[in-house]
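Below is one structure, written out as structure tokens, with a few remarks after it.
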Amino acid sequence: MKLNYTFLFAIPLALILLMDDMFMQIAVPNDEIGQGALLNMLMKGMAGISFMYCVLYFKRMSKYMKLAFFLLVLYVAALVFESKYVYGSFMIYPHVFVKVLIFAYSFFIYTYYKGNYHLKMKHVVWFILGGFWLNVLLINPHTLSVSAFTSHERGVYSNSVYMLVVPFLYFLSNYFYKGKFTSLFWAFFVLFAIFFFQHRTVWISTAFVLVVYYFLVRFKTDKPINFIAKLLPVGTLVGIMSIIASGFILSAHPEIVDKVQESFSDIENFESQGTGGWRYQQWMSYLPLIQENFLLGMRFDGFELPIQFWRDDIDAPVFEDGNGHHFHSFYVEIFFYTGLVGFALYLLIALYPILKAMRKKSLTSNQIILVSFVSSGFIFGISYVLPVFFYGMLGWAIAAIEEEDISHQSYIRASGQRMKARRIARQPVLQTT
């Protein structure tokens, strides 16, 4: 039997995914300091590798991406010059540099797959699911209980749960495009996991993804899909089973309903309830500084600035001074440190696959999944800093938009069918007398 080695092409993207919190917890269990040190080492190392790789294979990039990468290099060079001129060191505060160096991961993944586009979605999906459930079962098994749900003991980080959106879309697409009922089961299973771990921002992001996904499938596919015919029978069956199952569960644990209602109430009243209220206070604390430095941000002065967000209960800063400011919003962070210029650098790459997808007559299923996921970053970024893995997925989305098309996908399928036919033709025929 001939082995399929295409899974090896998932390694570059896996290196970016490995920097997620769920993998850090597996690598260094029960040691937040060790996890932070390992993550910092990996992020710095991958940033250097990413830059060098992009420089070496610069010619692979499209004209647009060459321009975007050049502007990123120019901005980083300006930061290095400022650091050397003002502080006498080429990189005085790495914390500030990371805010833009993280964009290099997108360029690295894009450049690699621009020249080696053999990556398969299923390999990435099972890598994500394997890592997620290893984390839950080995590191956070206590989260798999009704009491953990009702006490809001989530255990798993929001970034890791957000990563599950990719497998969810993959299985959903397998059902819509290929009619695989097992994929529909997996889609519901992953969606339940997203719901169970109670990160409200991930709930909202998933809902937004589904809206984008629907419109892309509705208007940007060469294979029309009848959503009503696909979902109505299965949806009815699942709905009946869910009602029956929930009846038993909720009768035994009525507190679950109260907890779900509380979560939705926190979403509706984000300014005063739950963690949304905490985030809102942080935004308001830093808004004057952002307005004063709107164009270029505070950069190194921002790192040196005392913490502006205080806890009323202990009358002390939320974070210690001298370690940088840790925001619960991508927008607040990017504008605080780098201003409009840094945010524009991000938009150059984040909007590119979305706008290019809008101009295409039809999209492949991979493109629809990736563009839908990337678009959700604009929602997730309101409440959280975008995770490291997001930039890897963004780079893959750009490569997919430039490399994949319907005719290419059809050619691959036809080639596979021809190879299968040739193998059958070469098989010896048994003759009987």
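The values are calculated or read from the model by the stated rules, or taken from the named source; none is laboratory data. The structure presented is a predicted model; accordingly, all values stated were derived computationally and were not measured. No Cβ is skipped: glycine too gets one built from the backbone with ideal geometry, and neighbour counts run over all protein chains shown. Keep in mind that these areas ignore ligands, DNA and RNA; they rest on the heavy atoms of the full protein, side chains included. Shrake-Rupley method; radii C 1.70, N 1.55, O 1.52, S 1.80 Å.
Residue 92 meets the conditions (1) part of a loop (DSSP other than H, G, I, E, B); (2) more than 23 Å from residue 301 (Cα to Cα); (3) β-branched (Val, Ile, Thr) in every case but one. The failed one is (2).
Taking the stated definitions as given, is residue 33 within 19 Å of residue 388 (Cα to Cα), without any contact (Cβ under 8 Å) to a residue 12 or more places away in the chain and either charged (D, E, K, R) or open to solvent by 50 Å² or more (accessible area, probe 1.4 Å) (or both)? Lay out the reasoning, then the answer.
Working: within 19 Å of residue 388 (Cα to Cα): yes; without any contact (Cβ under 8 Å) to a residue 12 or more places away in the chain: yes; either charged (D, E, K, R) or open to solvent by 50 Å² or more (accessible area, probe 1.4 Å) (or both): yes.
Taking the combined requirement at face value, the residue satisfies it.
Only one of the numbered conditions (1) touching a helix residue (DSSP H, G or I) at 6+ places or on another chain (Cβ under 7 Å); (2) surrounded by 13 or more Cβ atoms within 10 Å (Cβ to Cβ); (3) over 18 Å from residue 159 (Cα atoms) is not met by residue 89, and that is (2). Give the residue, chosen from 59, 84, 99, 63, that is farther than 30 Å from residue 192 by Cα, among the basic types (Lys, Arg) and buried (at least 18 other Cβ atoms within 10 Å of the Cβ). Answer to the selection: 99. Scanning the range 97-124 for residues being among the hydroxyl-bearing types (Ser, Thr, Tyr) and at pLDDT below 95 gives a total of 1. Take the conditions (1) hydrophobic (A, V, I, L, M, F, W, C); (2) without any contact (Cβ under 8 Å) to a residue 24 or more places away in the chain; (3) in a loop (DSSP other than H, G, I, E, B); residue 19 misses just one of them, which is (2). Checking each residue in the range 109-148 for being within 22 Å of residue 46 (Cβ to Cβ) and small (Gly, Ala, Ser) picks out 115, 130, 131.
I'd like to check which helices (runs of 4 or more DSSP H) are fully inside the range 103-216 and have at least 3 residues that are under 20 Å from the mean Cα position of the chain (by Cα).
104-115, 121-134, 158-163, 165-178, 181-196
So, residue 48, is that one closer than 18 Å to residue 98 by Cα, over 21 Å from the mean Cα position of the chain (by Cα) and not hydrophobic (A, V, I, L, M, F, W, C) or not? Yes, satisfied. When you check residue 264 against the structure, is it at pLDDT 80 or above and under 30 Å from residue 369 (Cβ atoms), yes or no? Considered against the rule, which asks whether it is at pLDDT 80 or above and under 30 Å from residue 369 (Cβ atoms), residue 264 comes out as no.
When you check residue 71 against the structure, is it open to solvent by 20 Å² or more (accessible area, probe 1.4 Å) and either out of contact with any helix residue (DSSP H, G or I) (no Cβ under 7 Å at 6 or more places or on another chain) or on the phi > 0 side of the Ramachandran plot (or both), yes or no? Judged against the criteria, residue 71 is not a match.
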